[in-house]
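K.L.:
Before we start, here is the structure in question, set down as structure tokens.
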Amino acid sequence: MIGLDSEKVQELCDAANEEVDEKERVQIANFLCPVSVLSDATSSLLVVYWILIDTKQSKITLQGNYAVSGGVKGIEVIEAKAKSFKARMTVHLAVAGAFHTSFMQPAVSRLESALAATEIRTPRIPVISNVDAQPHSDPDTIKQILARQVTSPVQWETTVKTLMGKGLEKSYELGPGKVRD
């Protein structure tokens with residue numbers, strides 16, 4: 001979803017959810033970029049993002065991009081209604097699940113079991129979680145947050161603000177594929 005703020009995207013999700021069954025509902029799965037932010041120091045996914053960070057002015061110039069995830073019918077309603085909500089555009093990506101939404105709740109207990117059997121050492125540098133955009137160093141807390149991440153929207157915009165507040169001057173985003181062409 002491109003060109004809307006988070007409140008408008010939530011309104012769009014609410015409007016779509018009124019038209020579909022519960023199993024087809026949609027949720028914001030990723031708070032990628034707000035429209036403008038100033039820094040003080042069976043499923044489908046709709047996503048695209050663009051970001052420019054100017055650390056000299058402590059300003060993030062963003063295009064208002066959010067990922068919406070959920071049932072295929074719900075995503076189809078989102079796509080049909082997006083222009084009436086003044087969205088610039090939508091981009092539809094096929095994915096294997098409605099990640100970072102409540103639809104993933106059945107996977108949480110299995111992940112918690114796997115994490116309980118996994119040794120996580122205290123990291124040398126704090127891990128900033130996409131769940132709460134806060135730094136964490138305690139291994140047990142990190143395990144809890146990893147389990148929460150399955151059903152929690154990714155707080156990317158808040159994470160970037162946290163990093164900038166901690167002195168981020170340069171950033172590179174790396175990942176597989178060509179999502180951002």
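K.L.:
May I ask for the distance between the Cα centers of segment 99-143 and segment 7-24, given as a whole number of Å?
P.N.:
28
K.L.:
Mind ordering 143-153, 161-171, 117-127, 69-79 by average Cβ neighbours within 10 Å, highest first?
P.N.:
By packing density, highest mean first, the sequence is 69-79, 143-153, 161-171, 117-127.
K.L.:
Please work out the FRET efficiency for the pair H92 and D140, using the Cβ-Cβ distance as r and a Förster radius of 45 Å; give the result to the nearest 0.05.
P.N.:
Computed FRET efficiency for H92 and D140 comes out at 0.70.
K.L.:
Determine the sum of side-chain charges near L115: Lys and Arg each +1, Asp and Glu each -1, restricted to other residues whose C-beta is under 12 angstrom from that of L115. Don't skip to the answer; put the middle values down first.
P.N.:
Working: positive: R110, K143, R148; negative: E112, E119, D140.
Around L115, the charge tally is 0.
K.L.:
Just grab the label-to-label distance for D132 and S113, each label 7 Å out from Cα along the Cβ direction, in nm (one decimal).
P.N.:
It works out to 2.7 nm between the two label points.
Each value in this text was obtained by applying a stated rule to the coordinates, not by laboratory testing. The structure displayed is predicted, hence computed values, not measured ones. Note that each Cβ is placed from the backbone with ideal geometry, even for glycine, and that neighbours are counted across all protein chains shown.
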